[in-house]
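Enquirer: Here it is, the structure, as structure tokens.
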Amino acid sequence: MAQRPPGPPAARTPTNTPDKKPDLLAPMRTVRFWVILAILFIANVVISNLAFSASQPPTVTISYNAFLDQVNAGNVVSVTSTGEAITGTTKNAVKDSSGTSSTKFQTQRPAFATDDLEAALQQHKVVINAKDPNPPPPVWLTLLSSFGPAILIVAAFLYFSRRAASAGAGGILGAFGQSRARLYDAERPSVTFEDVAGIDEVKADLQEVVDFLREPQKYQRLGGTVPKGVLLIGAPGTGKTLLARAVAGEAKVPFFSIAASEFVEAIVGVGASRVRDLFAKARAAAPAIIFIDELDAIGRSRAAALRIGGNDEQEQTLNQILTEMDGFDSREGVIVLAATNRADVLDPALLRPGRFDRRVTVQPPDRRGRAAILRIHTRKVPLAPDADLDQVASQTPGLVGADLRNLVNEAALGAARKGEAAVTMADFAEAIEKTLLGSERKILLSDQDRERIAFHESGHALLGLLVPGADPVKKVTIVPRGMALGVTLQSPVDDRFNYGEDYLRARMVGALGGRAAERLVYGVVTTGAENDLQQVTRIAHEMVVRWGMSPKVGPLNFSDGDGAMFQQRPYSEATASLIDDEIRRIAEECQAEAEKLLAEHRAQLDALARALLRNDSLDEAEILEVTGISSSQAKAPALPAPGDRGRG
Ligand code: ADP
Ligand code: MG
Ligand code: ZN
């Protein structure tokens, strides 16, 4: 879905400059080379034949009876028979029918001849030689016929593969190994952050890169460290490529881009050579940006690649990227941006310090983000007064920037088809339907479903605020992401290595909050809480069998080590049922706590759900504002945990 920014067409860098490495096979790629080779070959054959015959006196052809006469006259010195053909030499020259005379002659003995030629020759003391009538071919012919086809095949292979490679690098004339990177007009960059919406956090992260590229000297003086490599991670169509271009546009620096997938099918060595060239050009043009799109195409973990047989070209290209990134200092003014939608499969070597050590996640936009993106793409589209972009945004959860651009396009096309002067809300409604139905990965949620999800997530979020010991709630969203219909993001204040029982209970209460909210509001529960229940079960189980947090089971650790493999339990049936009872008791206590707290704070739950339905997602400050809870406010009374409450 990559598209070029509007504006002047991308200028190609000259592609006929020679590669730094001498390319010994270069001449093989021209048609002229092959024509010359063919001419030389033919000339060689002709000349060697001519030379052979020139070194001999001419041979005259005489009739067989003339030959017999010469024998009987005693003029023949020697004969050589090759089957029926006879050649020989004479003392005095003999003449053929045309009058040419020579001491060398040839003749043909008829198959029907019954004369005793041998006796006659013996009688006149003629030297008799004989030759194999099917003589072995000359050495050059032997060599040619045995190696020729192989040489031809190899040469043809080289020719075509080189030609394919250079065609890939910009037509037949493109020099082999030359980077396909496009150099954009550094003076008039066409895309800026103005053209990117809905991902403000990412823009803020990249602003630093822009500032550095604008004034590298300032950073050098201050000794500031700037990342060499920034990896943009996000689903397709979320605007990663657009962002990379916008960084170059903002900083007004040249932008060198390359798609890693280009190397996958190329022959070994092309990728590495292009990467080398790309970095050399960018460094010469510094400050500049190098953009490697679809990094996962070559940057896949080598451990994983080995398993499926490996790929030399990917490996070499990847190694070249690593070498190049290690080989320069970011203070030179070159920053490498890369994009991927599969950060999980990337080779760890790429993520090491000094390489892509800065990672920026590009999330799908929330409702406000979608509205802003729609506004960008409708800048040049006449809108009817009833066209409400905010409403369009609220009806399109899950759509990313590229989808929204298509949506606008679709709506404008629909309006044009109907001959309307401006795009109406009805056009948008049709386009939404088309876009959502056309892409299976999108979930078309009914208003009812959205509301239920909003209450579910609000339940999680509110309990995260209310229960003492819970991790602070950073964000809550009902934008579908992957398998999840909504997400409540809670992150610990700092890294924890030791969990208190109250923290674990807070986690379980919070996890049960989604289900509890649904039950409170609708009176029934749905299947949407499967994950939550898995979490609760796991925590309660570990509390009982691993961390000795059940007074009835006691301070014992039954965690199954290797024994699990053999289905052995290191405890009795009686203990097993006690463990089950305790796990259930703990989970049920947490559920009761969740339901009680939500019932007590129903007004805040409703406010949160309403705000979510309006905005799709809320950050920490907005959550606190909507619920009226200040972060420092004392939370609800600690929930009573039976037995010893000492920290584990
Ligand atoms: P990615 O590289 O993440 O797959 P692209 O950058 O190629 O996505 O996005 C394709 C197009 O979708 C962009 O050129 C732009 O027109 C539109 N688009 C995507 N994200 C945004 C956004 N956040 N703001 C504005 N337009 C966007
Ligand atoms: Mg892209
Ligand atoms: Zn949930």
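Enquirer: As an exercise, use a Förster radius of 56 Å and the Cβ-Cβ distance of E194 and K596 to find the FRET efficiency, rounded to the nearest 0.05.
Expert: On the way: r = 50 Å, r/R0 = 0.89.
FRET efficiency, E194 to K596: 0.65.
Enquirer: Between Q123 and I629, what length comes free when the chain is fully extended (0.36 nm per residue of separation minus the Cα-Cα distance, one decimal in nm)? Show your work: numbers first, answer last.
Expert: Details: separation 506, 0.36 × 506 = 182.16 nm, distance 13.54 nm.
Here the segment from Q123 to I629 would lengthen by 168.6 nm.
Enquirer: Give the whole-number value, in cubic angstrom per residue, of the convex hull volume spanned by the C-alpha atoms of the stretch 57-130.
Expert: Numbers: hull volume 6.0 nm³, N = 74.
Each residue corresponds to 81 Å³ of Cα convex hull volume.
Enquirer: Okay, next question. When you count, for each residue, the other Cβ atoms within 10 Å and take the mean per peptide, how do 110-118, 504-512 rank with the highest first? Each step should come with its number before you reach the end.
Expert: On the way: 110-118: 9.8, 504-512: 25.9.
Result, highest mean first: 504-512, 110-118.
Enquirer: For each of F356, F279, F193, count neighbouring Cβ atoms within 10 Å of the residue's Cβ, then give the residues from fewest to most.
Expert: Values: F356 28, F279 23, F193 19.
Going from sparsest to densest Cβ surroundings: F193, F279, F356.
Enquirer: Take the cross-link list K240/K434; K240/K281; K380/K474; K228/K380 and give me the ones stretching past 29 Å between alpha-carbons.
Expert: Details: K240/K434 25 Å; K240/K281 23 Å; K380/K474 37 Å; K228/K380 37 Å.
Long pairs (Cα-Cα over 29 Å): K380/K474; K228/K380.
Enquirer: For a Förster distance of 25 Å, can you work out the FRET efficiency between the beta-carbons of K91 and A113, rounded to the nearest 0.05?
Expert: Values: r = 24 Å, r/R0 = 0.96.
FRET efficiency, K91 to A113: 0.55.
Enquirer: Between A43 and A416, take the C-beta separation as r, use R0 = 51 Å, and let me know the FRET efficiency to the nearest 0.05. It would help to have the intermediate numbers written out before the result.
Expert: Details: r = 68 Å, r/R0 = 1.33.
Taking R0 as 51 Å, the efficiency between A43 and A416 is 0.15.
Enquirer: Using label points projected 7 Å from each Cα along Cα→Cβ, tell me how many nm separate N65 and V77, to one decimal.
Expert: The two pseudo-label positions are separated by 2.8 nm.
Enquirer: Stretched out fully, how many nm does the piece from I153 to F558 gain, at 0.36 nm a residue minus the Cα gap?
Expert: Numbers: separation 405, 0.36 × 405 = 145.80 nm, distance 6.93 nm.
Roughly 138.9 nm would be gained on extension.
Enquirer: Report, ordered by chain and residue number, the aspartates and glutamates lying within cross-link reach of K418, taken as a straight Cα distance under 20 Å and ignoring same-chain residues fewer than 8 apart.
Expert: Once the sequence-local aspartates and glutamates are set aside, what remains near K418 is D386, D388, E410, D427, E430, E433.
Enquirer: Would you kindly state how much longer the chain becomes between V487 and A130 on full extension, computed as 0.36 nm times their sequence separation minus their alpha carbon distance, in nm to one decimal?
Expert: Residue separation times 0.36 nm, minus the Cα-Cα distance, leaves 118.6 nm.
Enquirer: How far is it, in nm, from the label point at S145 to the one at R214 when both lie 7 Å from their Cα along the line to the Cβ?
Expert: Label at S145, label at R214, 7.8 nm between them.
Enquirer: Check which residues have an amide H placed less than 5 Å from K475's amide H, if you skip close sequence neighbours.
Expert: L489
Enquirer: Checking the cross-link filter: which aspartates and glutamates have an alpha carbon closer than 14 Å to that of K203, excluding same-chain neighbours under 8 positions apart?
Expert: Counting by Cα, and skipping residues close in sequence, K203 has these aspartates and glutamates nearby: E194, D195, D211, E250.
Enquirer: Something else now. Among all the aspartates and glutamates, which ones have a C-alpha under 19 Å from K104's C-alpha, if same-chain residues fewer than 8 places away are not counted?
Expert: Result set, ordered by chain and number: D69, E84, D96.
Rule-based calculations on the coordinates, nothing more; no lab input. Since we're looking at a predicted model, the values are computed, not measured. With ideal geometry, Cβ positions are generated from the backbone for all residues, glycine too; neighbour counts draw on all protein chains shown.
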